[in-house]
Amino acid sequence: MADIIIKNARILTCKSNGPKIKEHMQDLGIIERGFIAVENGIIQEVGEGDGEEFCDRHTEIIDAEYKTVLPGFVDPHTHLVHYGSRENEIELKLKGVPYIEILKMGGGILSTVRATRAASYDQLMKKMIRSLDIMLLWGTTTVEAKSGYGLNFVDEVKCLEVLRDCTHPVEIIRTYMGAHAVPEEYKDNREGYINLMTERIIPYVAEKELAEFIDCFCEEGVFSVEESERILLKGKEHGLKIKIHADEIEPMGGAELAGRIGAVSAEHLIAASDEGIEAMKEGGVIPVLLPGTSFYLRLGKYARGRKMIDMGLPVALATDYNPGTCPTESLQGIMVFASMGMGLTPQEVINAMTINSAYAIDRGDKVGSIEKGKNADILIMDAPNENYIIYHFGINHVNTVIKNGKIVVKEGRLCY
Ligand SMILES: [Zn+2]
């Protein structure tokens, strides 16, 4: 018998037996008047009617009152663990001071690196939990999180251990991203830093199972295509799965590299070439687009999400939550940029941040849709339909969050 039944629900199941492409991204697998039965953290059944046959006197019944019920959001790209904040850079940005100048003044990513190195394990944990609470309140139930503000052995490991040890309801998928920037102490010896990663940190991270993925910032002035390939393949050799920050500003061939070396996903892609998009399709790479970053960097340009969907790529969406170029935990915020900035429909947007983003972190068999046998990660939103969620923007529509079969947000408040 079920522990929980959600009834009188308009359910967007997002069901699929693989990443959704083309016209399937328009299909949310809607059940107009349905129920979901949850037992031991797993979805026991979903269907039409009220599921009475799954109830006994111990079952908790939630009447959704025909609100919109959908899978918990999966955020497949964040820089969750870091210390400090950079609101002091807003004024400089608005004055048009280029990022490289901000970096020279001691700002930018390297200021976050200094703050993160100086922070203790407990300080990092506390700040991160605050962010995870916000994510949960706004509907994110699974998140990918990268290291990349430690940039040395001790501090990269410290950040990955914070991610590993966290017991928050939001499930964290860990990525090692030492190749986020070249740290100050290696600025005249980048080869030395790459060797530190490939010879020492990657083997350690893999052996201790501190990360499941490896990521690299392949960009003009950061890591070249050749360097990225070397770093990522070293990770692969040690059993890590590949992600890559590719072609964010310049079309350097990062998307092509992702296709060639079997990356699970490639991220950003604002400047990805036609050949790059084709190579990703060939290689089965999931494009993870981050329209909040385009907006916040005032690039005036978004990744070509519309074209990628039309070409048959399973587009996923993420926040890119980080302290510099996209300081937000809210996927509901990202929905608006994806829709208004890239021309994606509400249906495509929701599939892109549920089922497709689950595949982008290799969890397509566990989360991202409301289907029998999957983890019971479920949202009830105070919205009559999916269009309304994007139409009435800038606010939080989440009423209830269920994670692994437990109610963790009720009436918009944390209750775990
Ligand atoms: Zn990123």
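The values are calculated or read from the model by the stated rules, or taken from the named source; none is laboratory data. Quick caveat, the model's predicted, so the values are computed rather than measured. Quick reminder, even Gly has a Cβ in these numbers, built from the backbone with ideal geometry, and neighbours come from all protein chains shown. These area figures cover heavy atoms from the full protein model, side chains too; ligands, DNA and RNA do not enter into them. Shrake-Rupley method; radii C 1.70, N 1.55, O 1.52, S 1.80 Å.
For region 44-79, a residue qualifies if it is more than 16 Å from the ligand (Cβ to nearest atom) and in contact with a Pro (Cβ under 8 Å, 6 or more places away or on another chain), and the qualifying residues are 66, 67, 68. Within region 318-338, which residues are modelled with pLDDT of 95 or more, open to solvent by 20 Å² or more (accessible area, probe 1.4 Å) and over 23 Å from residue 381 (Cα atoms)? Within region 318-338, 327 is the sole residue that qualifies. Is at least one residue of region 64-76 aromatic (Phe, Trp, Tyr), part of a loop (DSSP other than H, G, I, E, B) and under 30 Å from residue 160 (Cβ atoms)? No, the conditions are met nowhere in region 64-76.
If you go through region 207-215 one residue at a time, do you hit one that is farther than 23 Å from residue 248 by Cα and among the hydrophobic types (A, V, I, L, M, F, W, C)? The answer is yes; a qualifying residue exists.
Condition check ((1) of a type outside the set (A, V, I, L, M, F, W, C); (2) within 14 Å of residue 147 (Cα to Cα); (3) at pLDDT 95 or above) across all residues:
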position: 200; (1), (2), (3): yes, no, yes
position: 203; (1), (2), (3): yes, no, yes
position: 208; (1), (2), (3): yes, no, yes
position: 220; (1), (2), (3): yes, no, no
position: 224; (1), (2), (3): yes, no, yes
position: 239; (1), (2), (3): yes, no, yes
position: 244; (1), (2), (3): no, yes, yes
position: 249; (1), (2), (3): no, no, no
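Figure legend. Inter-residue proximity from region 353-382: first residues at positive phi, second residues open to solvent by 10 Å² or more (accessible area, probe 1.4 Å), beta-carbon distance below 7 Å, spacing 6+ or different chains. Indicated pairs: 362/241; 362/264; 373/42. Checking each residue in region 17-36 for being among the β-branched types (Val, Ile, Thr) and closer than 19 Å to residue 383 by Cβ picks out 30, 31, 36. With respect to the conditions (1) more than 16 Å from the ligand (Cβ to nearest atom); (2) open to solvent by less than 10 Å² (accessible area, probe 1.4 Å), residue 82 lacks only one, and its number is (1). Just to verify a result, which residue in region 150-177, among those that are within 16 Å of the ligand (Cβ to nearest atom) and open to solvent by 10 Å² or more (accessible area, probe 1.4 Å), is nearest to residue 242 (Cα to Cα)? Across region 150-177, the extreme among qualifying residues is 174.
Mind counting the residues in region 38-53 that are farther than 14 Å from residue 375 by Cβ and either of a type in the set (D, E, K, R) or buried (at least 21 other Cβ atoms within 10 Å of the Cβ) (or both)?
Summing the residues that are farther than 14 Å from residue 375 by Cβ and either of a type in the set (D, E, K, R) or buried (at least 21 other Cβ atoms within 10 Å of the Cβ) (or both) in region 38-53 gives 6.
Contact annotation: residue pairs with Cβ atoms under 8 Å, 6 or more positions apart or on different chains, pairing a residue in region 80-107 that is closer than 17 Å to residue 298 by Cα and touching a residue at least 24 places away in the same chain (Cβ under 8 Å) with a partner that is open to solvent by less than 50 Å² (accessible area, probe 1.4 Å) and outside any loop (DSSP other than H, G, I, E, B), are 86/111; 86/112; 89/102; 93/102. Considering every residue within region 219-230, establish whether at least one is in contact with a strand residue (DSSP E or B) (Cβ under 6 Å, 6 or more places away or on another chain) and part of a strand (DSSP E or B). The answer is yes; a qualifying residue exists. Give me a count of the residues in region 344-385 that are acidic (Asp, Glu), surrounded by 24 or more Cβ atoms within 10 Å (Cβ to Cβ) and part of a loop (DSSP other than H, G, I, E, B). Counting residues in region 344-385 that are acidic (Asp, Glu), surrounded by 24 or more Cβ atoms within 10 Å (Cβ to Cβ) and part of a loop (DSSP other than H, G, I, E, B) gives 1.
This table checks each residue for (1) within 16 Å of the ligand (Cβ to nearest atom); (2) modelled with pLDDT under 95.
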site	(1), (2)
271	yes, yes
276	no, no
304	no, no
311	no, no
316	yes, no
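Scanning region 207-216 for residues that are free of Cβ contacts under 8 Å to residues at least 60 places away in the same chain and buried (at least 18 other Cβ atoms within 10 Å of the Cβ) turns up 210, 214, 216.
Based on what the data block shows, is residue 402 open to solvent by less than 20 Å² (accessible area, probe 1.4 Å), in the same structural domain as residue 14 (by TED's automatic domain parsing), of a type in the set (Val, Ile, Thr) and not in a helix (DSSP H, G or I)? For residue 402, the condition - open to solvent by less than 20 Å² (accessible area, probe 1.4 Å), in the same structural domain as residue 14 (by TED's automatic domain parsing), of a type in the set (Val, Ile, Thr) and not in a helix (DSSP H, G or I) - is met.
To keep it simple, each residue is scored yes or no on (1) out of contact with any helix residue (DSSP H, G or I) (no Cβ under 8 Å at 6 or more places or on another chain); (2) open to solvent by 10 Å² or more (accessible area, probe 1.4 Å); (3) under 25 Å from residue 315 (Cβ atoms); (4) in contact (Cβ under 8 Å) with a residue 60 or more places away in the chain.
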| site | (1), (2), (3), (4) |
| --- | --- |
| 194 | no, no, no, no |
| 198 | no, no, no, no |
| 203 | yes, yes, no, no |
| 224 | yes, yes, no, no |
| 230 | no, yes, no, no |
| 244 | no, no, yes, no |
| 251 | no, yes, yes, no |
| 284 | yes, yes, yes, no |
| 301 | no, yes, yes, no |
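Flag not set for residue 185, criterion: more than 22 Å from residue 174 (Cβ to Cβ) and either within 16 Å of the ligand (Cβ to nearest atom) or buried (at least 16 other Cβ atoms within 10 Å of the Cβ) (or both). For region 323-332, the set of residues classified as within 16 Å of the ligand (Cβ to nearest atom) and assigned to a helix (DSSP H, G or I) consists of 331 only. Going by the structure shown, is residue 266 of a type in the set (A, V, I, L, M), closer than 30 Å to residue 200 by Cα, at pLDDT 95 or above and not in a loop (DSSP other than H, G, I, E, B)? Spelling it out, residue 266 is indeed of a type in the set (A, V, I, L, M), closer than 30 Å to residue 200 by Cα, at pLDDT 95 or above and not in a loop (DSSP other than H, G, I, E, B).
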